[in-house]
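Let me begin by presenting the structure, written as structure tokens, before commenting on it.
The values are calculated or read from the model by the stated rules, or taken from the named source; none is laboratory data. The structure presented is a predicted model; accordingly, all values stated were derived computationally and were not measured. Please note: Cβ atoms are built from the backbone with ideal geometry, for glycine as well, and neighbour counts cover all protein chains shown. Protein only, heavy atoms only, side chains kept; ligands, DNA and RNA dropped before computing areas. Shrake-Rupley method; radii C 1.70, N 1.55, O 1.52, S 1.80 Å.
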Amino acid sequence: MQRLRIKFTRGEEIKYISHLDVMRLWQRAFVRAGVALAYSEGFNPRPRISLASPLALGVTSEAELMDIMLSRWS
């Protein structure tokens, strides 16, 4: 497995989008781009994506950190 750390910003355009919706947005973007995400094991597997700390609604950020795990080396 390979871990990637991604740095992104949350500007005025998406400051009212909830944490769970941001996670769903990234998951869909990675799947659509063909990124080989690693999934958790268990009855309901979920992609191994984690944000450093969730932000409250209405807050912007210049440096959000996100870790994703890939199932194979890219």
Leu25 passes all but one of the listed conditions (1) in contact with a Ser or Thr (Cβ under 9 Å, 6 or more places away or on another chain); (2) surrounded by 10 or more Cβ atoms within 10 Å (Cβ to Cβ); the exception is number (1)
Looking at the stretch 29-58, I want the residues that are touching a residue at least 12 places away in the same chain (Cβ under 8 Å) and have a partner that is among the aliphatic types (A, V, I, L, M) and part of a loop (DSSP other than H, G, I, E, B) with Cβ atoms under 7 Å, at least 6 apart or on another chain. Which pairs are those? Ala38/Met1; Arg48/Ala38
Matching residues in the stretch 28-53 (open to solvent by 60 Å² or more (accessible area, probe 1.4 Å) and not in a loop (DSSP other than H, G, I, E, B)) number 5
Leading residue by the ranking (least open to solvent (accessible area, probe 1.4 Å)) among those in the stretch 1-22 that are without any contact (Cβ under 8 Å) to a residue 40 or more places away in the chain and part of a helix (DSSP H, G or I): Val22
Scanning the stretch 54-74 residue by residue, the ones that are loosely packed, with under 11 Cβ neighbours inside 10 Å and either under 23 Å from Val31 (Cα atoms) or of a type in the set (A, V, I, L, M) (or both) total 7
